Amino acid sequence: MIIGSHVKMKAPDYFTGAVQEALSYRADALMLYTGAPQNTRRTDTARMKIEEGQEMLRKAGIPLSHVIVHAPYIINPANRTDAATASFAVEFLYREIQRTAALGAELLVLHPGSWTVTDPETGIRSAAESLNRLGDYPEPVTVCLETMAGKGTELGSSFEELAQILEKLNHPGHYGICLDTCHIHDAGYNVTDFDAVLDEFERVIGMDHLKVIHLNDSKNVRGARKDRHANIGKGEIGFDALYRIAHNARTAHLVRILETPYIKEQAPYGIEIDMLRSGVYEEERLSF
Ligand code: FE
Ligand code: FE
Ligand code: ZN
């Protein structure tokens, strides 16, 4: 099992701080935003202490393919109703691909976006058009569209919608999928039978497209379309199902990333990783 969590990358340590945080959880993977997730202000990669961070990973035996980047969620590829905003989003996304490559990472997770004032079909066409504007870029980075909970007008809450975006792409080799367990549970999939979910994924999208897994419990019942993450074992999915997903043999080569909430301002990731490795769930360890 390859597992890590979302970690912070911030001044003054940037990438070395992010790697240090992951190592403190005894993780063998990590996911970061290149700046605040809710804005598009970004520090120059030359100041991000990338080589030092890569050296720390090398010493820890963690390959760069276990570093995942998440694009900021205010980028909405599915909304092209305002031309200036739409072209800014594409330009920003391309710079994010370049930052991902500068870190030595290979996977950039992106929310497909919301159709807002249009309709799902227009949203699907707009998302594909935004991505097609990136063209056949040279960086060795795969943009991974994330499965979404279906909150509001969010696209990507069914494998079919994601497949419809993928089939409209001019350079499909640049794209993959990030599967988020909280999101697909909230979208109505029964993740307690994960092999059946993967069979469905294989039928609709194809397993080769699956690149990374977000492992989260959910505060809400299946189908609630809410997108509120819970700590492992404390939500409606439950520890046993998440443990089975964590150790699922068909996806053993894929990185798992925890995006569970802090508890009393403390990161739960070291404990969650430990429990998912051992298979022993002790709820009191998550009650700080
Ligand atoms: Fe996400
Ligand atoms: Fe996620
Ligand atoms: Zn979420």
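The values are calculated or read from the model by the stated rules, or taken from the named source; none is laboratory data. These numbers come from a predicted model, not from an experiment. Cβ coordinates were reconstructed from backbone atoms using ideal geometry, including for glycine residues, and neighbour counts include every protein chain displayed. Ligands, DNA and RNA are excluded from the accessible area calculation, which covers all protein heavy atoms including side chains. Shrake-Rupley method; radii C 1.70, N 1.55, O 1.52, S 1.80 Å.
Couple of notes before you dig in:
- Annotation note: trypsin sites (Lys or Arg not before Pro) in the stretch 228-288 located in DSSP loop regions with a Cβ neighbour count of at most 14 within 10 Å are Lys264.
- Share antiparallel - DSSP beta bridges, the stretch 2-286, percent rounded to 5: 10
- Taking amide hydrogens as placed 1.01 Å from N in the peptide plane, the amide H of Ser218 sits under 5 Å from those of Ala230, Gly235, Glu236, Ile237, Gly238, each at least 5 positions away in sequence or on another chain.
- Tyr14 accessible area, assembled protein chains, probe 1.4 Å, Å²: 20
- For the stretch 241-283, size of Cβ-based charge dipole, Lys and Arg +1, Asp and Glu -1, in debye: 300
- Taking N as the residue count of the chain, its C-alpha radius of gyration divided by 2.2 N^0.38 Å amounts to 0.95.
- Karplus-derived HN-Hα couplings along the stretch 271-288 (A = 6.51, B = -1.76, C = 1.60, θ = phi - 60°), whole Hz, x at Gly and Pro: 6, 5, 5, 4, 5, 6, 6, 7, x, 9, 9, 10, 4, 4, 5, 9, 10, 6
- Counting only residues at least eight positions apart within a chain, or on another chain, the lysines with an alpha carbon under 17 Å from that of Lys10 are Lys49.
- Amide H to amide H distances under 5 Å link Ile3 with Asp28, Ala29, Arg256, where only residues 5 or more positions off or on other chains count and H is placed in the peptide plane.
- Whole-Hz couplings from phi, Karplus 6.51/-1.76/1.60, listed for the stretch 246-257; x for Gly and Pro: 4, 9, 4, 5, 5, 10, 4, 7, 9, 5, 9, 10
- Nearby aspartates and glutamates by direct alpha-carbon distance to Lys59 (threshold 17 angstrom, same-chain neighbours under 8 apart not counted): Glu21, Asp28, Glu51
- Span from the the stretch 33-110 Cα centroid across to the the stretch 138-176 one, whole angstrom: 17
- Prolate/oblate/rounded label for the stretch 1-101 (Cα gyration tensor, a/c 1.5): prolate
- Within the stretch 96-188, none of the chymotrypsin sites (Phe, Trp or Tyr not before Pro) combine a DSSP coil assignment with at most 12 other C-beta atoms in a 10 angstrom radius.
- Applying a 4.7 Å cutoff between beta carbons, the unpaired cysteines of the chain are Cys182.
- For Lys168, a cut-off of 13 angstrom between C-alpha atoms picks up these aspartates and glutamates, skipping any fewer than 8 places away in its own chain: Glu121, Glu129, Glu160.
- Separation between Cα centres of the stretch 266-282 and the stretch 220-256, rounded to whole Å: 13
- Prolate/oblate/rounded label for the stretch 51-210 (Cα gyration tensor, a/c 1.5): oblate
- Note, ³J(HN,Hα) from phi for the stretch 92-99, Karplus 6.51, -1.76, 1.60, rounded to Hz, x at Gly and Pro: 4, 4, 5, 5, 5, 4, 5, 5
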